[in-house]
Amino acid sequence: LLISVGRRPLTAGLGIEALGIQTSPDTGHLLVDTAYRTNIPSIYAIGDLIPGPMLAHKASAEGIAAVECIAGKPGEVNYDALPSVIYTWPEVASVGLTEEQVKEREIPYCTGTYPFAGAGRARCMGETEGFVKVIAHQKTDRVLGVHIIGPRAADMIAECVLAIEFGAASEDIARTIHGHPTFAEALHEAA
């Protein structure tokens with residue numbers, strides 16, 4: 001059982017009100033444009049101060065994008081390719097859309113799942129709890145989301161983030177040779 005009580009941006013004492021920076025009345029997040037600029041053109045905000053998941057790797061990516069924008073270069077973060085990891089045992093990791101979100105958006109889809117119990121490395125190490133689920137567009141086969149519950153999920157999700165970032169098809173993952181025996185073979189089989 002995982003219980004989350006929620007988090008809010010820590011803005012007390014920063015002088016935001018005195019500067020006139022606009023914030024969300026509901027959450028207290030600073031409001032920014034696509035270049036991470038607040039309503040005060042010389043003030044930028046990223047990470048936990050702005051809406052979105054409060055993840056260190058999100059903040060890091062936003063920091064890079066904001067600096068690129070400040071330098072007059074294009075900078076952006078693909079939030080559809082933002083991994084989420086829960087460091088429990090077994091680990092949980094996901095990227096992209098969930099099956100529920102795909103249904104809500106009425107996107108035609110198909111899924112592939114594979115249990116870690118079917119992966120040789122997982123059996124040898126006695127870490128067979130969990131599975132990999134790949135959600136792909138039914139017509140184009142583009143990967144829409146990947147969800148992993150099990151050993152090494154935090155490490156395996158990177159391949160899935162790359163697949164979504166590049167617009168890969170589940171067939172691309174399935175045709176990629178994965179080492180044997182590895183935990184990543186479960187991803188290969190699910191694809």
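The values are calculated or read from the model by the stated rules, or taken from the named source; none is laboratory data. Please read all numbers here as calculations on a predicted model, not as lab measurements. Every residue, glycine among them, receives a Cβ derived from its backbone with ideal geometry; neighbour counts consider all protein chains shown. Protein only, heavy atoms only, side chains kept; ligands, DNA and RNA dropped before computing areas. Shrake-Rupley method; radii C 1.70, N 1.55, O 1.52, S 1.80 Å.
Some notes on this structure:
- Number of the exception - Ala81 against (1) hydrophobic (A, V, I, L, M, F, W, C); (2) out of contact with any Leu (no Cβ under 7 Å at 6 or more places or on another chain); (3) open to solvent by 60 Å² or more (accessible area, probe 1.4 Å): (3)
- Hits in segment 129-151 (condition: free of Cβ contacts under 8 Å to residues at least 40 places away in the same chain and β-branched (Val, Ile, Thr)): Ile135, Thr140
- Annotation note: Cβ proximity below 8 Å between a residue of segment 40-52 that is within 18 Å of Asp80 (Cβ to Cβ) and a residue that is aromatic (Phe, Trp, Tyr) and open to solvent by 60 Å² or more (accessible area, probe 1.4 Å) (sequence gap 6+ or interchain) occurs for Gly52/Tyr79.
- Selection from segment 137-151 of residues that are farther than 13 Å from Val95 by Cβ, open to solvent by 10 Å² or more (accessible area, probe 1.4 Å) and outside any loop (DSSP other than H, G, I, E, B): His137, Arg142, Ile149
- Filter result for Ala93 (within 18 Å of the chain's Cα centre (by Cα) and either surrounded by 18 or more Cβ atoms within 10 Å (Cβ to Cβ) or not in a strand (DSSP E or B) (or both)): yes
- Only listed residue being under 18 Å from the mean Cα position of the chain (by Cα), of a type in the set (A, V, I, L, M, F, W, C), within 18 Å of Val92 (Cα to Cα) and not in a helix (DSSP H, G or I), chosen from Val134, Val161: Val134
- Subset tally (residues that are part of a helix (DSSP H, G or I) and open to solvent by less than 60 Å² (accessible area, probe 1.4 Å)) for segment 53-71: 8
- Criterion applied to Ala186, Ala154, Ala117 was being open to solvent by 20 Å² or more (accessible area, probe 1.4 Å), part of a helix (DSSP H, G or I) and in contact (Cβ under 8 Å) with a residue 24 or more places away in the chain, and the one residue passing it is Ala154.
- Total residues in segment 96-114, condition outside any strand (DSSP E or B) and open to solvent by less than 90 Å² (accessible area, probe 1.4 Å): 7
- Of everything in segment 17-34 that is of a type in the set (A, V, I, L, M, F, W, C) and under 22 Å from Ala65 (Cα atoms), the residue that is surrounded by the fewest Cβ atoms within 10 Å (Cβ to Cβ) is Leu31.
- Listed by first and then second residue, the pairs linking a residue in segment 69-84 that is within 16 Å of Val32 (Cα to Cα) to a residue that is in a loop (DSSP other than H, G, I, E, B), with Cβ atoms under 6 Å apart and 6 or more places separating them unless they lie on different chains, are Cys69/Ala35; Cys69/Gly75.
- In segment 161-183, the residues that are crowded, with 20+ Cβ neighbours inside 10 Å and without any contact (Cβ under 8 Å) to a residue 60 or more places away in the chain: Ala163, Ser170, Ile173
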